[in-house]
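Notes follow the structure.
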Amino acid sequence: MNFDKLNGLVPAIIQEPGSGKVLMTGFMNPKALAQTRETGKVTFFSRTRNTIWTKGETSGNFLLVKEIFEDCDNDTLLIYAEPTGPVCHTGDATCFHEDPGPQIGFLSYLEKVIQGRKGQSPETSYTARLFEKGLPRIAQKVGEEAVETVIEAMKGDKEKFKEEAADLLYHLIVLLAEQGMELKDVVKVLEGRHK
């Protein structure tokens, strides 16, 4: 990392991997970055107090590091971290005061989790059991969930419709993984049609 551009500091953008929400930003010096890597908890350098501090050391709302990326100029960090509670000192979920709620980026995270279940022991999860049963059972579940989604739409029950739509999306992602495909493959088809 190039800490020279900002007098020994680099900006660190903290993003939640599942939702893609930017949670907060801060600055790190070499010691704060080293401590972040060692402990797995995001640690910053406070410019006002002139010391390093671990996010959550007072509140208990830590940021648990999943991945750290350096930008192309080696002077900015992007850190994927899971929060253990509200991130902002105001009690908000993010330091940007608005919580946009679940975002479409969660589907990418869910897809990775589902792909990770492929080949695991069926005792570990429902998803692993689906993969073990193979294409006929997975395809059947997509069909069942599609019918249930349509039924709830026709009934007009918005809450049950959302639940069935979620089941349908989940099982469709499992079917895509079984076929060796990803959501991005389907998105490319949609983009092609949009043109």
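The values are calculated or read from the model by the stated rules, or taken from the named source; none is laboratory data. All figures in this text were calculated on a predicted structure; none of them were measured in a lab. Cβ coordinates were reconstructed from backbone atoms using ideal geometry, including for glycine residues, and neighbour counts include every protein chain displayed.
Descriptive notes on the structure:
- Filtered residues of segment 16-48 (kept if surrounded by fewer than 22 Cβ atoms within 10 Å (Cβ to Cβ) and of a type in the set (Val, Ile, Thr)): Val22, Thr25, Thr39, Thr48
- Any chance Leu183 is among the hydrophobic types (A, V, I, L, M, F, W, C), under 30 Å from Glu67 (Cβ atoms) and surrounded by 13 or more Cβ atoms within 10 Å (Cβ to Cβ): yes
- In the set (1) part of a helix (DSSP H, G or I); (2) modelled with pLDDT under 95, Thr124 fails one condition alone, (1).
- Residue match in segment 87-98 (condition: at pLDDT below 95, small (Gly, Ala, Ser) and on the phi > 0 side of the Ramachandran plot): yes
- Count of segment 125-183 residues which are touching a Lys or Arg at 6+ places or on another chain (Cβ under 7 Å) and under 20 Å from Leu110 (Cα atoms): 7
- Residue tally, condition assigned to a loop (DSSP other than H, G, I, E, B), of a type in the set (Ser, Thr, Tyr) and under 22 Å from Asp4 (Cα atoms), over segment 16-75: 1
- All positions within segment 77-86 that are among the β-branched types (Val, Ile, Thr) and either at pLDDT below 85 or not in a loop (DSSP other than H, G, I, E, B) (or both): Ile79
- Scan of segment 29-53 for residues that are touching a helix residue (DSSP H, G or I) at 6+ places or on another chain (Cβ under 7 Å) and of a type outside the set (Ser, Thr, Tyr), ordered by number: Val42, Phe44, Phe45, Ile52
- Verdict on Leu172 being among the aliphatic types (A, V, I, L, M), modelled with pLDDT of 95 or more and surrounded by 10 or more Cβ atoms within 10 Å (Cβ to Cβ): yes
- Criterion: assigned by TED's automatic domain parsing to the domain that holds Ile173, loosely packed, with under 14 Cβ neighbours inside 10 Å and closer than 19 Å to Gly180 by Cα - qualifying residue of Leu130, Leu135: Leu135
- Verdict on Lys158 being closer than 30 Å to Thr54 by Cβ, out of contact with any Ser or Thr (no Cβ under 7 Å at 6 or more places or on another chain), basic (Lys, Arg) and without any contact (Cβ under 8 Å) to a residue 60 or more places away in the chain: no
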